[in-house]
Amino acid sequence: MKMEMIKLDIRKAACFLAEGAVEGMEKQTKAAHKALEDGTSKGSDFLGWLHLPSSLTPEFLQDIKTTADTLRRECDTIVVAGIGGSYLGARAVIEALGNSFAWLTNKGENPNILFAGNNIGEDYLAELLAYLKGRRFGVINISKSGTTTETALAFRLLRSLCEEERGKETARRVIVAITDAKKGAARTTADKEGYKSYVIPDNVGGRFSVLTPVGLLPIACAGFDIDLLVKGAADMEKHAAEAPYAENIAEQYAAVRNLLYAGGKKIEVLANFQPKLHFMNEWWKQLYGESEGKELKGIFPAAVDFTTDLHSMGQWLQEGERTIFETVISVEQSEHELRFPHDEENLDGLNFLAGKRIDEVNRMAELGTQIAHVDGGVPNIRIVLPRLDAYYLGQLIYFFELGCGISGNVLGVNPFNQPGVEAYKKNMFALLSKPGYEAESEAIRERLKKEA
């Protein structure tokens, strides 16, 4: 099979900008990219993702696959415990490549991959534990520190049930830790219990970690080709390093979105016409929201699933406040062939579609939506994947990561920190009377009394 590069079409966005504006961004965008390569970018301690795809060795990937084979052999269900970047990237790839309904039967050769540790929902956790009872399940615990509330809570519950259901010796084989190399609660537990473990690199932030064991192990457990995923990312890494500005899709994407932002387009809506890409949207939202939303700056990342959301958000997108632009992930070739059926009575009036590929109908919906939204004043960027497979998803992941780093540098923020996410934790710990938060507890309770 011939391997192509994914494509970026900015024409329906550039037409909303001054003539030559995109070309005029070359110097600034190239400088932002060079700052990443030179390590002079803000947050340069977290640039380990930049050349990660090309640095992953066959031996390292084989070790991941060997561990995945052990889990696949011993488990019918694997629960990935993690939050944010510690689960979204893996889930995005697994959902994109997987059969939408295989989990209902669990009769395939691949174990069910479930997710926990990304919320504090009591009902969710209780229902998960009830589902797992009697099943041959394992756990992949992903936490740098081992003290993140959501993940630590889930792991306590899952570890206890796994040991109860499967015995401590089996639990040691089917619990894997992905954590810090030397320190933290999760590392201490892994070493004490003898769990197989992998390291989250110090210089790779969670939202950029899908091509580390954080993402690769769950994806391999689900039965997908991590060699191909990494190759796609490595090929995009090479392309981005060598391509001139006019052909460099990461630089072009960063330039256009910053130009639109400067022109008053404060919201980027990522859209897809493939239901399997829902969690790719969710991963992208975290990647860009956490990277750019700081210092009272940043494009707000929103996401929609089309055509579904055209029947809910479509009105706002077509005629609401013109502060948005749209980026569409477009897939050229579906994996299955299904044709629109003929109906003798034709009560729905759709026989004019009889015999057409359903994917053709979907593609015409995509084109019709683009025309309508552009006519309605919404700039449109289009990212084109030849098909949904591991190789092109690898390209897409690296494209979005690099585009994010460049875009954040153009914006002038540190794309690799997230100081704002600590605010809610401080308040939550104060309200729960966590040791060491006595002063904060007293202050926040006094505040709540006054506001009551």
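The values are calculated or read from the model by the stated rules, or taken from the named source; none is laboratory data. The shown structure was predicted, so the numbers you read here are calculated from the model rather than taken from an experiment. Cβ coordinates were reconstructed from backbone atoms using ideal geometry, including for glycine residues, and neighbour counts include every protein chain displayed. Note: accessible area is taken over every heavy atom of the protein model, side chains too, but ligands, DNA and RNA are not part of it. Shrake-Rupley method; radii C 1.70, N 1.55, O 1.52, S 1.80 Å.
Give me a count of the residues in region 134-187 that are charged (D, E, K, R), closer than 26 Å to Lys426 by Cβ and in contact with a helix residue (DSSP H, G or I) (Cβ under 7 Å, 6 or more places away or on another chain).
Filtering region 134-187 down to residues charged (D, E, K, R) leaves 135-136, 144, 150, 156, 159, 163-166, 168-169, 172-173, 180, 182-183, 187.
Filter again for closer than 26 Å to Lys426 by Cβ, leaving 144, 150, 156, 180, 183, 187.
When the remaining residues are screened for being in contact with a helix residue (DSSP H, G or I) (Cβ under 7 Å, 6 or more places away or on another chain), the result is 180.
Total meeting the criteria: 1.
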Members of region 73-91 found to be open to solvent by 20 Å² or more (accessible area, probe 1.4 Å) and outside any helix (DSSP H, G or I), listed by number: Asp76, Ile83, Tyr87
Pair list, Cβ under 7 Å, 6 or more apart: region 92-105 residue at negative phi, other residue among the small types (Gly, Ala, Ser) and at pLDDT below 90: Ala102/Gly108
Candidates Asn141, Asn119, filtered to the one that is in contact (Cβ under 8 Å) with a residue 60 or more places away in the chain and either touching a strand residue (DSSP E or B) at 6+ places or on another chain (Cβ under 7 Å) or open to solvent by 30 Å² or more (accessible area, probe 1.4 Å) (or both): Asn141
Output for region 410-440, where each listed residue is over 23 Å from the mean Cα position of the chain (by Cα), part of a helix (DSSP H, G or I) and at pLDDT 80 or above: Lys426, Asn427, Met428, Phe429, Glu438, Ala439, Glu440
Unmet requirement for Arg382, which otherwise passes all of (1) within 19 Å of Ala13 (Cα to Cα); (2) crowded, with 22+ Cβ neighbours inside 10 Å; (3) under 22 Å from the mean Cα position of the chain (by Cα): (2)
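Quick one: which of Arg257, Arg207 is in contact with a Leu (Cβ under 6 Å, 6 or more places away or on another chain) and buried (at least 24 other Cβ atoms within 10 Å of the Cβ)? Give the derivation first.
Numbers: Arg257 fails: in contact with a Leu (Cβ under 6 Å, 6 or more places away or on another chain).
Just a single option satisfies the conditions, and that option is Arg207.
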Enumeration of residues in region 162-202 that are in contact (Cβ under 8 Å) with a residue 24 or more places away in the chain and open to solvent by 40 Å² or more (accessible area, probe 1.4 Å): Glu165, Arg166, Arg173, Ala185, Thr188, Lys196, Asp202
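Going through Asp191, Asp202 one at a time, which residue ends up being more than 18 Å from the chain's Cα centre (by Cα) and within 25 Å of Glu74 (Cα to Cα)? Talk me through it step by step, then tell me what you get.
Working: Asp202 fails: within 25 Å of Glu74 (Cα to Cα).
Within the list Asp191, Asp202, the selection yields Asp191.
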